[in-house]
Amino acid sequence: MLEPVKVAFGGYLSRYFDSVVPTTKPLEGFVARPLSKAIAWAPSRMVDAAEDMLALWMRTDMENAPTTPPELPAIIVAMAKDYTPTGRDYTRQVADRQMVMIPGDDKERLFGLRALAGDVRVQIVIFATDEPSARSLAAQFLLFLDETGSRRFEASYRFAGIDTAWPVQIESPDVPAMSIATGSKNLTVLAMDITLRAEIPLFDAPKDGEPNDGKGVPGTDDPAGYPLVQSVSVDSMDGNAMTIRSYEVSTGEGGEP
């Protein structure tokens, strides 16, 4: 459910990486590396285990050569395991199921939709052997957060063979870069915590054996939609008021009424 947010935030970090200006000698090497050798994902939120995560990073075989460990500076990113609904003073979830047609669906199928509005915490930790490089990376990341175009990005969700884009917003760019104490005298660690406010769709379609429009196969990546009312029969009219006393439902070829 949150994997598309993680993937989209990875693209967001790639944009930051491309914007970094090397203000120190170590940063010249940082920007010259491929993204995968400069920024990496950690399994979970890890400020309490910063040195453990750095040790894991240093042991990672990036070149299929154990004698060539990754260099510093480096950035490790972690997404918290918890989840919090976004405050109602900011937005509301679509808790009551709506019936929708996804734009771009040539079959014009009808699906159910609810939408979560959730806060996702992410931590960015910078490791450097010198304080100026660590501080520069942190300051430039916070500057990147403050850019107008960086206050939001989109996560892509795929359903019924169709990709739809849903917004993810940065709660606030006013984030401090906190120094994390370590047992190493020549290591500077700065941690930044940000909150992503994500809209997450939950689509649904008829299950196998349930009424459907016959335009797909229930239970697959190309599901059938819910039946549509395609015609209405009017039995009587009284002045300007029309009374519908009966209706006909047509689901299309292969569907069940």
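The values are calculated or read from the model by the stated rules, or taken from the named source; none is laboratory data. Since the model is a prediction, treat every value here as computed from it, not as a measurement. Ideal geometry is used to build each Cβ from the backbone, glycine not excepted, and the neighbour counts take in all protein chains shown. Keep in mind that these areas ignore ligands, DNA and RNA; they rest on the heavy atoms of the full protein, side chains included. Shrake-Rupley method; radii C 1.70, N 1.55, O 1.52, S 1.80 Å.
Would you mind stating whether Q169 is more than 21 Å from E199 (Cβ to Cβ) and under 21 Å from the mean Cα position of the chain (by Cα)?
no
So in the range 114-155, with the set limited to residues that are open to solvent by 70 Å² or more (accessible area, probe 1.4 Å) and under 16 Å from the mean Cα position of the chain (by Cα), which one is modelled with the highest pLDDT?
Filtering first and then ranking leaves E154.
Pick from the range 79-113 the residues that are closer than 30 Å to G216 by Cβ and of a type in the set (D, E): which of them is least open to solvent (accessible area, probe 1.4 Å)?
Taking the candidates together, the pick is D105.
Output the residues belonging to the range 172-198 that are in a strand (DSSP E or B) and open to solvent by 40 Å² or more (accessible area, probe 1.4 Å).
M178, S179, D193, R197, listed by residue number.
How many residues does the range 180-213 contain that are small (G, A, S) and more than 30 Å from I102 (Cα to Cα)? It would help to see each step written out before you state the result.
Quick first cut of the range 180-213, residues small (G, A, S) only: 181, 183-184, 191, 198, 205, 209.
Adding the requirement that they be more than 30 Å from I102 (Cα to Cα) leaves 181, 183-184, 191.
Qualifying residue count, the range 180-213: 4.
Those residues that are open to solvent by less than 30 Å² (accessible area, probe 1.4 Å) and modelled with pLDDT of 80 or more, I need them from the range 52-78; list them, please.
Scanning the range 52-78 gives P73, A74, I75, I76, V77, A78.
Look through the range 1-15, keep the residues that are among the small types (G, A, S) and surrounded by fewer than 16 Cβ atoms within 10 Å (Cβ to Cβ), and return whichever of them is farthest from the chain's Cα centre (by Cα).
S14
Could you look through the range 16-51, keep only residues that are surrounded by 11 or more Cβ atoms within 10 Å (Cβ to Cβ) and at pLDDT below 65, and pick out the one that is farthest from the chain's Cα centre (by Cα)?
E51
Can you report the number of residues in the range 173-221 which are acidic (D, E) and either more than 30 Å from A160 (Cα to Cα) or free of Cβ contacts under 8 Å to residues at least 12 places away in the same chain (or both)?
The total comes to 4.
Can you tell me which residue in the range 156-171 is least open to solvent (accessible area, probe 1.4 Å), limited to those that are in a strand (DSSP E or B), closer than 30 Å to D222 by Cα and in contact (Cβ under 8 Å) with a residue 24 or more places away in the chain?
Within the range 156-171, the match that is least open to solvent (accessible area, probe 1.4 Å) is V168.
Pull up the range 201-221, narrow it to residues that are aliphatic (A, V, I, L, M) and touching a Pro at 6+ places or on another chain (Cβ under 8 Å), then point me to the one that is surrounded by the fewest Cβ atoms within 10 Å (Cβ to Cβ).
Across the range 201-221, the extreme among qualifying residues is V217.
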